[in-house]
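Working notes, structure below.
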Amino acid sequence: MSNASKIGWANNLRAAATLGVVVIHCSSYVILNFGHIDKLHWLIAVIFNTAVRWSVPVFVMLTGSFVLSNYNDKLEPFFKNAFNKIIVPFLIWSIVYLLNNNWDDLFGNVLTTAQKNELLIEKALSGTEVHLWYVYMIIGVYLLIPIFSKWTKYASAKELYLFLGFWFFFLFANPFLNNYTTDFQYNYFTGYIGYLIAGFYFFNYFKLNKVIPWLLLIISIATIAGITYTTSFTKNEFNDAFLAPLTPGIFIMSASIYLIAKQSTVHLPKWLTNLVDQVCKFSYGIYLVHYLVLALIDEYLISINSFHPLLSIPTISLLCFACSYGIIYLLRKIPYLGKSIG
C-alpha cells in the first residue's frame, strides 16, 4: 500500500469521524427527551446515535496507527508538538466554555471567593463542557505513547493479539466484576489504551475478508440500537450502557469501520478530496467548537426537536459541521492565533 493510499483512507475516516461526533451530540438532543416524544422518533435518534458511536474510538485507533507507529524516540519534540497541537487549543476553548457556561457564577455576587475558586478547580479537573472529556483521555494516551512505542516496535503480532484478547475479554467482564470487591488487578487491560494498540495492530498486521466487517458493522449497530431501545423502555429511563465506548459492541463496530476504510479503495473527486484534507486539518478545532455551535443553533436558529428527527438530525448536523468548519477556518486566519485555535 502506497503512502498516498495510506493517508487517503485515513483522511476519509478521520473526516467521517469528525462529522460522526457532531451527529452523536445532535441526536442526543432528541434522545435526552426520552418519555416526552414519540417512540418512533426516539428510536430514529437512537439509530443515528448508535450508527456513529465508533467516531471517538476510531480517533484513538488512528493515533495508534500513525502517531504510535511513527514515534521516533525523540521525547522533547514529541511532547512539545503535542502541547502545541492538543493542549493549547484545549486551554483556549476551555476558557471559552467556562465563560459561556459560568459567567454569572464567576463574576456575580452569589458565590463567595472560596466557592468561585472551588468551581475553577472542579472545572479544571472535570472539563468546562461535557465533550472535553475526550481531550483529558487523549492527553493520557499521548503520555503513554513513548512507553508503548518501545513495546509495539519489538512485540510480535501474537503478543499484540494476546494483549488485545485480554483487553477485549475485560470489556465483557468489567460490568460483572464492578459488582464485586476484588483484589485482582485487571485494570492493566482496561481503558482506551486498547484502542491505541488495536489501531497499531490493525494497521500493521491484520486483514479480514471485506464482507465480514460490513456484516459485523450492521449486526453491531442493529444489536446495540435494539438493546438500547428495549432496555430503556423496560426501565422507563434512557439506558446508555451499551453506547459507551469501552463496551464490546462499540469495539466491534469501531474495528469494523476501521477495517472497511483501510481495505477499501475509494476514488473521490478532486474537490471532495481537497475538502476532506481540509476537514482533517481542522478536525480537532471542529471537535472543540462544535458543541457551542450546536447549542447556539438549537437555541437561536432552529430547534433540533422542532421537526422530524429523520430530517432534523442530518440537516442540523451538517449545518453545525459546516459552521464549525467555517469558524475554525476564519479563526486560523487571525495573526498570532492560527493553529493555536485547533
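All of the numbers you see were taken from the coordinates with simple rules; none came from a lab. For clarity, every value in this text was computed on a predicted model and none was experimentally measured. Quick reminder, even Gly has a Cβ in these numbers, built from the backbone with ideal geometry, and neighbours come from all protein chains shown.
Here are a few things to note about the model shown:
- Pairwise centroid distance, computed over Cα atoms, of segment 91-141 with segment 245-262, Å: 32 Å
- Taking segment 201-342 and dividing mean pair separation by its residue count, relative contact order in percent (alpha carbons under 8 Å, at least six apart): 21 percent
- Packing rank of 42-51, 249-258, 80-89, where each peptide gets the mean count of other beta carbons within 10 Å, highest leading: 249-258, 42-51, 80-89
- When you restrict to C-alpha pairs under 8 Å that are six or more residues apart and normalise by the size of the chain, the relative contact order lands at 34 percent.
- Net charge, residue 213 excluded, C-beta distance under 11 Å - Lys, Arg +1, Asp, Glu -1: +3
- In segment 176-269, trypsin sites (Lys or Arg not before Pro) in a DSSP loop with at most 14 other beta-carbon atoms within 10 Å: 207, 210
- For segment 3-157, relative contact order (Cα pairs under 8 Å, six or more residues apart, normalised by length) works out to 24 percent.
- Least to most buried among 192, 29 (fewest other Cβ within 10 Å first): 29, 192
- Cross-link pairs exceeding 28 Å in C-alpha to C-alpha distance, out of 270/339; 150/333; 150/207; 207/339; 80/150, comprise 150/333; 207/339.
- Reported label for calculated Rg and Dmax of the Cα atoms in Å given [x] 19.0, 56; [y] 20.8, 64; [z] 21.3, 79: [y]
- Kyte-Doolittle mean at least -0.5, axial Cα span of 30 Å or more - DSSP H helices of the chain: 3-31, 133-154, 211-235, 270-296, 309-331
- Direction-averaged projected area, Cα convex hull, segment 123-200: 6.7 nm², rounded to one decimal.
- Taken over segment 170-302, the percentage of Cα pairs per 5 Å bin, counting from 0 up to the bin with the maximum distance, is 2, 8, 11, 12, 16, 18, 15, 9, 5, 2, 1, 0.
- Difference of contour (0.36 nm per residue) and Cα-Cα distance, residue 180 to residue 119: 18.6 nm
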